[in-house]
1. Can you compute the radius of gyration and Dmax for region 17-97, using only the Cα atoms, both in Å?
2. Taking every eigenvalue of the Cα gyration tensor of region 12-147, multiplying by 5 and rooting it, what semi-axes result, largest first, whole Å?
3. Normalised radius of gyration for region 186-336, please: alpha carbon Rg relative to 2.2 N^0.38 Å, two decimal places.
4. FRET efficiency for Asn81 and Lys243, Cβ-Cβ distance as r, R0 = 30 Å, nearest 0.05?
5. What FRET efficiency, computed as 1/(1 + (r/R0)^6) with R0 = 41 Å and r the Cβ-Cβ distance, is obtained for Ser329 and Asp105, rounded to the nearest 0.05?
6. With the crude spin-label approximation of a point 7 Å out along Cα→Cβ, what separation in nm comes out for Asp310 versus Ser211?
7. Starting at the first residue of region 258-265, write each ³J(HN,Hα) from the Karplus equation 6.51 cos²θ - 1.76 cosθ + 1.60 with θ = phi - 60°, in whole Hz, x for Gly and Pro.
8. Taking every pair of distinct Cα atoms and averaging 1/r, then inverting, what Kirkwood hydrodynamic radius in Å comes out for region 54-104?
Amino acid sequence: MTFGEQNSLPQSFQLLDKAFDSGINFFDSAEMYPVPQRAETRGRSEEYLGRWIRSRNIPRDRVVLATKVCGPSGQMTWIRNGPESLDSRNIVEALDNSLMRLQSDYIDLYQVHWPDRYVPMFGETEFDPNRTFSSVSFEEQLTALDKAICSGKIRYVGLSNETPYGLMKFLHVAEGVSFSARIVSVQNAYNLLCRNFDSGMAECCHHERVSLLAYSPLAMGILSGKYFSLDGGPSDARLNLFKGRYAEGESRYSLSNDIIRKATESYFSIAKKYDVHPVSLAIAFVLRHPLVASAVFGATKLWQLQEVLDGCRVELTPEMVAEINKVHSAFPNPCP
């Protein structure tokens, strides 16, 4: 989601080359990327990914290609007038445009980026019944996705930023109509500072055989430690580079929040005690979860990518997990 904004086309190709050569085969994008989203760059992340696959002559079956369709927002007027909703017309239009930018005949995993209905998300935690609005039915969304599967445009369907209620409704409707479009994954935030998935959603995923694609495993870079230097971190780090332009990230991962800072520093202490890099501690924590199918991370530099790759080889000991849980008990989910 940095490709086309923080990363140029050559830089994006370098990162993708290293990732692929290192064994990474799952690549996740979205029609609204890169972020922060704006009309001038909309769709570049998908475009760069598609151009990379084509230019490197990578056999299509060697990569798992995922992307997402925007839910309603009203803010991105350059994407289907808002976008307005996730009705069948919008899903079909979004999917066809993503296929064109990705230069692919099909998408392996097509995800609903956020629900069509009102839900507390992107840092919100409390449901307000007064904010509900008329939304597109689960049946209409699944019908459009099912047709896309039957036509060969997508293979599997996933959700993102979803709630236990939403996941179970999609599953219930799919079973009732015998759709091919059964939900196989949920892409929600999960990291040392945000373990909300374990409260409710984990039970649903376990019993319904739905995997978690854990996004923001480094809590937008906070858990890397880069923002804790005396100068506040590199000027080109996302929370510094886009200060004032990235409301969702700044509100959700604000280091002006004393609890977030204390919790993060406590995790750094654990990493130091056991002589592992903070990134390795964060990545290893996410990957050890039995429901996690993949940790979805972003990197703008090759050395950042290497830090994550190194973290994939670290296994947490029971003693480390016990200390992590102790911090979590003291500072539960400061970055929801």
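1. In order Rg, Dmax, the Cα atoms of region 17-97 give 14.2, 40 Å.
2. 29, 16, 14
3. Ratio of Cα Rg to 2.2 N^0.38 Å: 1.00.
4. The formula returns an efficiency of 0.55 here.
5. 0.25
6. The two pseudo-label positions are separated by 2.7 nm.
7. For region 258-265, the Karplus curve yields 5, 5, 4, 5, 5, 4, 5, 4 Hz.
8. 12.4 Å
The values are calculated or read from the model by the stated rules, or taken from the named source; none is laboratory data. Bear in mind that the values here come from a model prediction, so they are computed numbers and not experimental data. We place every Cβ from the backbone using ideal geometry, glycine too, and count neighbours over all the protein chains shown. The area values use the complete protein model at the heavy-atom level, side chains included, leaving out ligands, DNA and RNA. Shrake-Rupley method; radii C 1.70, N 1.55, O 1.52, S 1.80 Å.
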